[in-house]
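First the structure, in the form of structure tokens, and then the observations on it.
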Amino acid sequence: MKVEVGWCAIGLRIGMKWGLVGLMKLIASMVFLIFSVTGLSSAWSGEDYQARGWAATCTGCHGTEGRSVGGIPSLAGMDEQWFVDKMLYYRSEHAKATIMHQHSRGYTIEQINRMARYFQRQVRK
Ligand code: HEC
């Protein structure tokens, strides 16, 4: 109860000083601050969840997170530039491939770039 009264008093004092519009601006900026901090923290973690989603379609053949267990090459830890070059090659009309010429054409350059970054970050083990 004491705390609530305290908060009310603070709110009232701010309200009297800055008016209702000022109070609303204060609340809006606090909400904005919270959103920007949470946004930043996901950027700091460096995980591109959308790229991870696209990459999930590759795991059936290339292994979980790109770590192959069979004859198909691993994508985990693959050099970003190598990955992009390979994908662009598969998209070209000269590509000699059994599967990847089809797969690579389903993605935009931006998606390929972001998947390249995602796979490079995965530990090969
Ligand atoms: C149906 C199985 C299959 C799926 C799904 C698949 N691949 Fe492949 N991938 C292959 C095969 C097989 C090769 C070898 C080239 C060929 O014959 O097409 C290959 C080769 C590659 C290579 C070249 C590796 C190297 O070192 O030469 C890259 C890069 C690659 N795939 C990326 C991807 C990405 C990205 C996806 C998802 C968007 C994907 N693949 C989905 C089967 C698959």
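The values are calculated or read from the model by the stated rules, or taken from the named source; none is laboratory data. Owing to the predicted nature of the structure, the values given are computational and were not obtained by experimental measurement. All Cβ positions, glycine included, derive from the backbone under ideal geometry; neighbour counts span all protein chains shown.
Structure values in brief
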{"quantity": "Selection within the stretch 81-111 - in contact (Cβ under 8 Å) with a residue 12 or more places away in the chain, surrounded by fewer than 16 Cβ atoms within 10 Å (Cβ to Cβ) and of a type in the set (Lys, Arg)", "calculated": "Arg105"}
{"quantity": "Helices (runs of 4 or more DSSP H) wholly inside the stretch 1-78 containing at least 3 residues that are modelled with pLDDT under 95 and closer than 30 Å to His101 by Cα", "calculated": "none"}
{"quantity": "Filter result for Met78 (touching a residue at least 40 places away in the same chain (Cβ under 8 Å) and within 18 Å of Gln120 (Cβ to Cβ))", "calculated": "yes"}
